[in-house]
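To start, the structure under review is shown below, and the notes come after it.
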Amino acid sequence: MNALIKPCQPIDDLEDELISSWRDVSQATHRFLLLLREFDLRQGWREWGMVDCADWLNLKCGITRNTAQEKLRVAKTLRLLPQVEEAFKRGDLSYSKVRALTRIATDVNETDLLDYAIHASAAQVERYCRQLRNGSTDSVDAARRAHEGRSLSRSFNDDGTGTLSVQLPRADLELVMQALERVACRLPNDDPEIEPSLFARGADALVQMARCALEEETSDGGNAEHYQVVVHVDEQALQGRGGKSDLPIDTVKRLCCDGSIVPIVDDPNGEPLNVGRKQRTVPTAIKRALLARDRCCTFPGCTHDKWVDAHHIEHWAAGGETSLDNLTLLCTHHHRLVHEGGFIIERRADGSRYFARPDRRPVEVGRTETVEEVRETRALYVVAHFPRKVISSGSSAFAFRGKSFG
């Protein structure tokens, strides 16, 4: 048994110690948010090439982007609520209560809300604050935020299953549930001896809806071109041997990583003599394989899986091959940082990628001795996209926030 836990300790003493320990957690969380607020205000995340502080938290602290965005919101709002922040600092309020209060509290109602929250459970505080939001004159803004906060995300488990999670305004969620119920009633039972649960029937209905949608798809599923590059540049300039170029060479290389090239030969007066046949830099087959392998931007801490480019680790202008081994996915922000911001990507002997800042300090995922996983009660903004064809050997779990299926 752990030395911190006394054998045969009276249950009342154990309870008191447990509560005291949780107050310590609340106080530590307040200190974390205080430091986070200052770090974000001073934009310390920029030095690591991050898009924002949420990406930095994902990289260095192992906090998912959704959770990180919520912590940043709470940290910033606490500056306007001195009484709530003081109670949080003393450990009188948990983070769950503070998170709910920061969505509705103002300098007018802060005292009353704090008095209620001190003696209520976290669930009661969450429900009470939600009711106040719905009944206030700001309900239009709340409805707009609910619409803007709609999201769909998926995650995969080690056992071959996955979870699909959706957040919608309640009316829209009811519409989806009714559609699933209608589809589920039409599905045959594969095993008459076993009656599937309502949750299983909901999952089957969702899969059937997806099949119906794909059967109506008429396109071949190919990826459209991102853009076509038409740039006047000397071959010597691309190879680092001087010459002329319409754009900075690093910018030209970035644009050419994942676009189409139209080479143009000019006469001495600058008039085009010949426009060569368009050539794809990264063939569609290789691009599809790259998307399947990397799934999202490979820059440490970045989770963007939309608007991603195929980047040559050793650029094609320097002799790098257009092969899967020499390619990696980068979002638009990090692609620009690598080409024009001085950040470095190298390929190690074992095939892994090495990322470094312009000062050669490695960009690595942070490691901590203990990691606390916090499951937020609501998701924020999750961008999701779906391939046209999904092949999976496992089943998929079905989870909707809101009304349970059936």
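Here, each number is a calculation from the coordinates, and none is a lab measurement. A quick note: this is a predicted structure, and the numbers were derived from the prediction, not measured. Note that we place each Cβ from the backbone using ideal geometry, even for glycine, and neighbour counts take in every protein chain shown.
Beyond 32 Å in Cα-Cα separation lie the following of the pairs K60/K244; K60/K306; K71/K253; K71/K306; K71/K287: K60/K244; K71/K253; K71/K287.
Of the peptides 148-158, 171-181, the ranking by mean beta-carbon count within 10 Å, highest at the top, reads 171-181, 148-158.
Taking the range 11-148, how much of its Cα-Cα pair set, in percent, is spaced more than 18 angstrom apart?
The proportion of pairs with Cα distances above 18 Å equals 61 percent.
If the Kirkwood radius is taken over C-alpha pairs of the range 316-358, then at 10 °C and 1.306 mPa s the Stokes-Einstein diffusion coefficient equals 140 µm²/s. The peptide list 14-22, 58-66, put in order of mean Cβ contacts within 10 Å with the highest first, becomes 58-66, 14-22. Near the amide H of G342, within less than 5 Å, lie no amide hydrogens of residues on another chain or at least 5 residues away, with H placed in the peptide plane. Residue-wise HN-Hα couplings along the range 115-124, as the Karplus relation 6.51 cos²θ - 1.76 cosθ + 1.60 with θ = phi - 60° gives them from phi, are 4, 5, 5, 4, 9, 9, 7, 4, 5, 5 Hz; Gly and Pro carry x. The mean sequence distance of close C-alpha pairs (under 8 Å, at least 6 residues apart), as a share of the length of the range 11-148, puts its relative contact order at 21 percent.
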